[in-house]
Amino acid sequence: MTDRYTQAVNSGFTKTLAKKLGLPRPAILRRYRAGDPLTVGPVLVVADGASKADADALAQALLAWDVDVRRQPTDDVRWGAVLLVVTEAAHPTDLAEPVLAVGSVLRSLAPNGRVLTVSRAPVDGDSPALAATRNGVDGFLRSLAKELRGGATGNGVVLTDGAAVDAPSTLATVRFFLSAKSAYVDGQLLRVGPAGPAGTDLTTDRPLAGKVAVVTGAARGIGAAIAKTLARDGATVVCVDVPAAGEGLSRTANDVGGTALQLDVTADDAGERILAHARERHGALDIVVHNAGILRDKLLANMNPGQWESVVAVNLAAQLRINESLLAAGLEGLHIVSLASTSGIAGNKGQSNYAFSKAGVIGHTRATAPLLAAQGGTANAVAPGFIETDMTSSIPFATREVARRLPTLAQGGKPVDVAEAIAFLASPAAAGVNGQVLRVCGQHMVGQ
Amino acid sequence: MATRQKTSAPAAGGAAAQPQTVRDAVVVGGNRIPFSRAGKKYADASNQEMFTAALEGLVARFGLQGERLGEVVGGAVLKHSRDFNLIRESVLGSSLSPATPAFDLQQACATGLEATINVANKIRLGQIESGVAGGSDTVSDAPIAVSEGLRRALLEAQHAKTWQARAKALAALRPGDLKPLTPATDEPRTGLSMGEHQAITTARWGIAREAQDEIALASHQHLAAAWDAGFFDDLVTPFRGLTRDDNLRADTSIEKLASLKPVFGRSLETPPTMTAGNSTPLTDGASTVLLGSREWAESHDLPVLARFVDAETAAVDFVHGHEGLLMAPVHAVPRLLARNGLTLDDIDFFEIHEAFASTVLTTLAAWEDVDYGKNELGLSGAFGTVDRAKINVNGSSLAAGHPFAATGGRIVATAAKLVAQRAAETGRPARALISVCAAGGLGATAVVESV
């Protein structure tokens, strides 16, 4: 699972050699550790003329987090992040000044720095100029992210339905993107609505304190990382996996101080049993992470019924059935996060069954979101790209190397990167993020 | 049933300690690793590894990480001398609080059940609130001892003060002394193996080969069905890649069993009937059961499967007397049921450990025999008849295998879940009788009841 190339180009003689030869040099990404500063340096906040007030409000929020906030580009700084606030820009020409201001500091952006756009989503009825301006941010951000180096990333917060820049969910999203928790999220624009509890402490190390979470497929890999990350953030975790995976499952449960529930998610009564376990043993159910998934790769021409049906049963139908039970139970503030995949967005040869199931996940997530919103809940999906796991380590060397270097960050992600995104989406402060698909792919070149 | 009764009144004068009361001990759940035939998947797993794995699965199932339990009690029959603190060492290697006390006990094949009785009694007396009972055994990783001659010589040499004395001690060694001793399960007082002993009992009761094979077949079929129905989903945690008991032969048939050659009782006058198919194989494995007071279970939001009602042990004179080696439970059960005002008709499930298929059959035959009831059990007639459909309904040791000390925990957890399921289905209380025979003419029995 180790990425020897990334290690080599970042240390000793091989680092010098790689530099001289002009080889691509993927960075060692900074990842979250409790107590570390939010950003690697001061944060510059720039805005177009009309968005100054929103920029001020955001700057105030950052100051409250003890971030060193600057409003003017200067030469003597290694920037930790640059925030481009264009929420009120109305015409494409409005963006020239702030965008070029961002460009002027990119050379002094610190390794693992962040560029963040804050804009509004185009809506029906926008004037053509307004729609052009708002949609333009999309292409700008995705291109800018590809220009960043040294582990720096670019992401966007896209406000919907009149969400304020200093609303809890907006700030929670800004904080996530600025932080090391979003290390492998790059080139993504996340839509954030106005929902969200006021007065949430966004600086806490335990945003999930008191919450009860269920993670399926928790025996190993990404599932185990999700369980650990949710537990780190304060949640009590019910770890679910098939009985045959019980050995790894009990290890995960004991690592996170949770409980192990040996259960096949495709069982008819899986939802009821999960609900009963969470309520009887832990008194509540606040978060469900649909992580359990299988691969049965085959070209469609060679695929047998079992290969298609098992993938759809585990990856998609089980989630649907469990969600039905959860919805019927009418839980307050339930956060569901499902694992999609970049294969489900961009397609992948030999994975028609898997991609169908994962695109299906995106479909049901969008449809479930409004049903949960009524009770203060959310349904979101996370789409991992190439993540370094037991599963991907079995990919042949050459294919694996190509897959690793294709994203902008030129490396695979770690299971914890997926887990951090899920922990964010599962947190109460992220209530304004609903029905979204967040890619954790290092800005993989395929798809959106 | 009453949950509390005073056993002593407070003494006058206020000087006496608080009065003691007896309360219920309940079975919360269990966990074992799949049992594996000797020399297979667990060939190089130690008792400590296996018991720790079973314990870790239990901790994970019930969220007991960092919990200080009242006591963990268990043991192993085949045990290395270095494992003098087997259970305590396993606790230290587990996710339980290191402040959880533990001790080893051993009662041959009844070890696991005796451990359960012990923990339940401590809970009932209020000495502890919670505890784990269990056991582990490995035939694959069994201790190998040196011969008596070599052992004596080594000890003498170690104690010698001069090199001459040391040389003299070692010079006494003979080539034959260098042969290692493998552990034997033969009865020390008779020199007969357990199988040979049971062959005598089987012949005495005239148990037919076909009847034994039918018991074996049922064991495999019942255990396979229970696995398929998910009965063990919350009773077993896989270990070392093994996800089911690997002795289980779901596809065995009466014809296959009938084709096996008898291995025990070949020197008897009657035709031998006991084969590898209707005798338990040597097996590796470990099991645990979680018990607690009702209050402890409730305060930890834990389920309760059954109440541990009572237990009785017995021993028989198989050396000088005429009783069979494995017949002790036959004597224990009538006493146990009488003390609790129960009869065989009050029992919904009979968990009779299948040391051999014929153990079950000789037990039933003895209970049905009028003379035996009068002369051996001191009853007015036959003890009674057991409905065959109530015996080992989810399989037993013939199919699962029998890692000696681990069998008790397997049976207690299975019995507790069976009565809980039955009570949930019918809305009426259900009871299970557990009977485990053991080497040395020992036997342990117990009753669990739905709550």
Roughly how large, in nm² to one decimal, is the mean projection of the convex hull of the alpha-carbon atoms in chain B? 26.9
Grab the other residues whose beta carbon is less than 12 angstrom from that of B:A423, score K and R as +1, D and E as -1, and report the net. +2
Chymotrypsin sites (Phe, Trp or Tyr not before Pro) restricted to segment B:56-105 and DSSP loop, no more than 13 other C-beta within 10 Å: B:F84
Largest to smallest principal axis extent of the C-alpha atoms in the protein assembly as shown, angstrom: 108, 77, 73
The answer for A:I28, listing residues at least 5 apart or on another chain whose modeled amide H is closer than 5 Å to its amide H, is none
Pop a pseudo-label 7 angstrom from the Cα along the beta-carbon direction at both A:L371 and B:A160 and give the gap in nm to one decimal. 8.5
Restricting to Cα pairs under 8 Å and 6 or more apart, the percent relative contact order of chain A works out to 14
Suppose R0 equals 56 Å. What FRET efficiency, 1/(1 + (r/R0)^6) with r the Cβ-Cβ distance, do A:K349 and B:I254 give to the nearest 0.05? 0.60
Partner lysines whose C-alpha sits under 20 Å from that of B:K122, ignoring same-chain residues fewer than 8 away, are B:K6
Antiparallel bridges, percent of DSSP beta bridges restricted to segment B:320-451 (to nearest 5): 60
So which lysines can B:K179 reach, going by Cα to Cα under 23 Å and dropping same-chain residues fewer than 8 places off? B:K79, B:K168
For A:K19, give me every one of the lysines with a C-alpha distance below 22 angstrom, ignoring sequence neighbours fewer than eight places off in its own chain. A:K146
Whole-number Å³ per residue for the convex hull built on Cα positions in segment A:212-440: 117
Just to compare against my own numbers: the Cα pair-distance distribution for chain A, 20 Å bins, whole % per bin, please. 26, 57, 17, 0
Quick check: net charge around A:A329, other residues with Cβ under 11 Å of its Cβ, Lys/Arg +1 and Asp/Glu -1? -2
Could you give me the ³J(HN,Hα) list for segment A:272-280, computed from phi with Karplus coefficients 6.51, -1.76, 1.60 and θ = phi - 60°, whole Hz, x at Gly and Pro? 5, 5, 5, 4, 5, 4, 4, 6, 5
Give the whole-number value, in cubic angstrom per residue, of the convex hull volume spanned by the C-alpha atoms of segment A:1-130. 184
Count of lysine pairs in segment A:212-440 with Cα atoms under 17 Å apart, counting only pairs 8 or more residues apart in sequence or on different chains? 4
Give the average, rounded to an integer, of partner chain Cβ atoms located within 10 angstrom of each Cβ in A:251-258. 5
Quantify how strongly other chains surround peptide B:228-240 by giving the mean number of their Cβ atoms within 10 Å of each of its Cβ atoms. 4
Hey, got the average number of other protein chain Cβ atoms within 10 angstrom for residues in B:97-110? 0
Show the residues, 5+ positions off or on another chain, whose built amide H is closer than 5 Å to the amide H of A:G154. A:V115, A:G187
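No value in this document is a laboratory result; all are computed from the given coordinates. A quick note: this is a predicted structure, and the numbers were derived from the prediction, not measured. Here Cβ is always computed from backbone atoms with ideal geometry, including for glycine, and neighbour counts include all displayed protein chains.
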